1. Consider all pairwise Cα distances in the stretch 37-170 and report the whole-number % of them above 17 Å.
2. Given a 1.4 angstrom probe, I'd like the percentage of the accessible area of the chain that is carbon and sulfur, rounded to a whole number.
3. Take the alpha-carbon centre of the stretch 32-70, take the same for the stretch 77-93, and report the distance between them in whole Å.
4. Run lengths n ≥ 4 of DSSP H only: what is the helix-derived mean residue ellipticity at 222 nm for the chain, with -39500 (n - 2.57) per run over all residues, to the nearest 500?
5. How large is ³J(HN,Hα), in whole Hz, for each residue of the stretch 32-37 in order, when computed from phi with the Karplus curve 6.51 cos²θ - 1.76 cosθ + 1.60 and θ = phi - 60°, using x for Gly and Pro?
6. Scan around Y93 for amide H atoms under 5 Å from its own, H built in the peptide plane at 1.01 Å from N, and keep only partners 5 or more places away or cross-chain.
7. Cross-chain or 8 or more residues apart, Cα under 22 Å: how many lysine pairs in the stretch 59-136 fit that? Count them up, please.
8. Keeping all protein chains in place, calculate the accessible area per residue for the stretch 81-154 (probe 1.4 angstrom), answer in Å².
Amino acid sequence: MDDFLQLVASRQSDRAYDMSRAVEHDKLERILEAARLSPSACNAQPWRFVVVTDPELAVKVGKFSKDAPVHILVVEESMNITSFLGAKIKDKYFPLIDIGIAAAHITLAAESEGLGSCILGWFDEKEIKKLVGIPANKRLLLDITIGYPVKEKRKKSRKSKEKVVSYNHY
């Protein structure tokens, strides 16, 4: 458990990457496998991962992260009928929760491979969808950048445990 907590503590949002170092294919495949295996409501797996590794395309996709060698674009896919019914009954949109879990798996897997990552939600969705051929009726929710970070680890700033955790009552 100490290893896992150390992994979580060391993971940070990296926005600058070493452009001279490509992400090795085997590392990228393990990261994608971690995403594929992440849990989802009613096993709906409401995602598709479009992986951008072409350097010229990566620059076009990543206006806020031009030096990221890899972009994992997370596209929302349809939920299965069980997840759909559960969402209606419980008034919770499970695909967004599921995709958040998959994004966490991606970033932690990247960290375990010695890579940096950053989850981006602010981008030109229509432009990127056009660039990589994502159908217009699909939602592109996240762009997760992956690469070798150029900056040192920063000290994490988090709220105290007392402000975010309580037992048996709010």
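1. On the way: 5836 of 8911 pairs.
Beyond 17 Å sits 65 percent of the P(r) for the stretch 37-170.
2. Working: 6110 of 10930 Å².
Carbon plus sulfur share of accessible area: 56 percent.
3. Going from one Cα centre to the other spans 24 Å.
4. -12000 deg cm²/dmol
5. So the J values, rounded to whole Hz, are 5, 5, 4, 5, 4, 8.
6. Hits under the 5 Å cutoff: none.
7. Eligible lysine pairs with Cα atoms under 22 Å apart amount to 9.
8. Working: 4210 Å² over 74 residues.
Solvent-accessible surface per residue comes out at 57 Å².
The values are calculated or read from the model by the stated rules, or taken from the named source; none is laboratory data. Owing to the predicted nature of the structure, the values given are computational and were not obtained by experimental measurement. We place every Cβ from the backbone using ideal geometry, glycine too, and count neighbours over all the protein chains shown. Heavy atoms of the whole protein, side chains included, go into the accessibility calculation; ligands, DNA and RNA do not. Shrake-Rupley method; radii C 1.70, N 1.55, O 1.52, S 1.80 Å.
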